[in-house]
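A.B. asks: Can you read through this structure? Questions will come right after.
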Amino acid sequence: MPYLVETVLFLAPFALYAVWLRFNPGRAVAAHVVVLALLGLGVSIGAAIWYGLSRGMDPYTAYVPPRVTSEGIAPGHAGEERSTGAWPTLRAPEPGPPRR
């Protein structure tokens, strides 16, 4: 059922535009409508970028996933800081004896 709602919400603007074209043949979309649509698109993209940047976690903080405890489900959260890399640091192998 949720997929049906999402599909209808996605297709609704296209259906409304098709209805508008059907009842207004040969009439172009007004310039102010195009400007408002572009302005709305720009604001929504800007808001998505702002939200993504404001909700981010520090890249050097470990994520503790949700887990089941005796009290119930503990939500995921940011844990303590980890090393500066995403992967554990590897030590270089010890140099062997010199070759002759």
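The numbers here are math on the coordinates, done by the rules we state, and not lab data. From a predicted model like this one, the values you see are computed outputs, not experimental measurements. Reconstructed Cβ throughout: ideal geometry from the backbone, glycine too, with neighbour counts over all protein chains shown.
A.B. asks: Each residue of the range 15-30 in turn: what ³J(HN,Hα) in whole Hz from Karplus with 6.51, -1.76, 1.60 and θ = phi - 60°, glycine and Pro shown as x?
C.D. replies: 3J(HN,Hα) across the range 15-30, in whole Hz: 5, 5, 5, 5, 5, 4, 5, 5, 8, 10, x, x, 9, 7, 6, 5.
A.B. asks: What list of ³J(HN,Hα) couplings, whole Hz, do you get for the range 3-9 from phi and the Karplus terms 6.51, -1.76, 1.60, once you set θ to phi - 60° and write x for glycine and proline?
C.D. replies: Using θ = phi - 60°, the values come out as 5, 5, 5, 4, 5, 5, 5 Hz.
A.B. asks: By its C-alpha gyration tensor, with a ≥ b ≥ c as the square roots of the eigenvalues, how is the chain shaped: rounded for a/c under 1.5, else prolate for a/b larger than b/c, else oblate?
C.D. replies: Prolate.
A.B. asks: Along the Cα→Cβ direction, 7 angstrom out, place labels at VAL43 and ARG27. What is the inter-label distance in nm?
C.D. replies: 2.5
A.B. asks: Right, something else. Pick out, in residue order, every one of the trypsin sites (Lys or Arg not before Pro) in the range 16-85 that is DSSP loop and has at most 14 other C-beta atoms within 10 Å; say none if there are none.
C.D. replies: ARG27, ARG55, ARG82
A.B. asks: May I ask you to sort THR61, THR69 by Cβ crowding, counting other Cβ atoms within 10 Å and putting the fewest first?
C.D. replies: With the sparsest Cβ surroundings first, the list reads THR69, THR61.
A.B. asks: Follow-up question, since we're still on this one. Got a sec? How would HIS32, HIS77 order by Cβ neighbour count within 10 Å, fewest to most?
C.D. replies: HIS32, HIS77
A.B. asks: Sort SER70, SER44, SER54 so the one with the fewest other Cβ atoms within 10 Å of its own Cβ comes first.
C.D. replies: SER70, SER54, SER44
A.B. asks: So what is the 222 nm mean residue ellipticity for the chain from helices alone, if each DSSP H run of at least 4 adds -39500 (n - 2.57) and you divide by all residues, rounding to the nearest 500 deg cm²/dmol?
C.D. replies: Here the helix-only value at 222 nm equals -16000 deg cm²/dmol.
A.B. asks: Let me ask you something else. Once fully extended, how much extra length lies between ARG67 and VAL35, figured as 0.36 nm per residue of separation less the alpha-carbon to alpha-carbon distance?
C.D. replies: The span from ARG67 to VAL35 would gain 6.7 nm if fully extended.
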